[in-house]
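Chemist: A single structure is presented below for examination.
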Amino acid sequence: QVQLVESGGGLVQPGGSLRLSCAASISIFSTRTMGWYRQAPGKQRELVATITSVSSTNYADSVKGRFTISRDNAKKTMYLQMNSLRPEDTAVYYCNTVISHLQYWGQGTQVTVSS
């Protein structure tokens with residue numbers, strides 16, 4: 001059974017930082033491309049960043065230079081370091097992977113950027 005569990009969300013002031021974690025119960029974690037998505041109220045879920053099995057990364061234009069995605073295959077965990085946070089980064093953040101053409105999602109973690 002595939003489980004993805006996010007943690008690390010919270011309330012932060014504009015300009016602040018947070019680090020999200022996604023712990024995966026996947027035996028083949030090291031071979032999977034992993035991704036972070038987010039969904040703000042009233043908006044569609046959008047891609048934030050992805051990281052391949054060889055740690056090649058891709059970012060949405062809106063977070064380039066501020067967010068860093070990384071992974072620790074030994075811990076089966078993916079991270080999202082978020083710096084210089086803005087109010088528009090407020091959303092529920094989800095981790096994602098695809099295995100055998102099936103999408104798997106975590107339960108999400110709330111990030112709120114507000115003064």
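Chemist: Can you tell me which residue is least open to solvent (accessible area, probe 1.4 Å) among those in segment 1-46 that are modelled with pLDDT under 95 and among the β-branched types (Val, Ile, Thr)?
Modeler: My answer is ILE26.
Chemist: Still on this structure, please answer the following. What's the number of the only condition in (1) closer than 21 Å to VAL2 by Cβ; (2) free of Cβ contacts under 8 Å to residues at least 60 places away in the same chain that CYS95 fails to meet?
Modeler: (2)
Chemist: Anything in segment 37-53 that is farther than 19 Å from SER100 by Cα and either of a type outside the set (Gly, Ala, Ser) or touching a residue at least 60 places away in the same chain (Cβ under 8 Å) (or both)? List them, or say none.
Modeler: TYR37, ARG38, GLN39, PRO41, LYS43, GLN44, ARG45, GLU46, LEU47, VAL48
Chemist: Still on this structure, please answer the following. Please work out which residue is surrounded by the fewest Cβ atoms within 10 Å (Cβ to Cβ), limiting yourself to segment 101-115 and to residues that are farther than 16 Å from GLN3 by Cα and among the aliphatic types (A, V, I, L, M).
Modeler: Step by step, filter segment 101-115, then rank; the result is VAL113.
Chemist: OK, next. How about segment 19-47: which of its residues are out of contact with any helix residue (DSSP H, G or I) (no Cβ under 9 Å at 6 or more places or on another chain), assigned to a strand (DSSP E or B) and not hydroxyl-bearing (Ser, Thr, Tyr)?
Modeler: ARG19, LEU20, CYS22, ALA23, ALA24, MET34, GLY35, TRP36, GLN39, GLU46, LEU47
The values are calculated or read from the model by the stated rules, or taken from the named source; none is laboratory data. All values reported here derive from a predicted model rather than from experimental measurement. Quick reminder, even Gly has a Cβ in these numbers, built from the backbone with ideal geometry, and neighbours come from all protein chains shown. All accessible areas refer to the heavy atoms of the entire protein, side chains included, with ligands and DNA or RNA removed. Shrake-Rupley method; radii C 1.70, N 1.55, O 1.52, S 1.80 Å.
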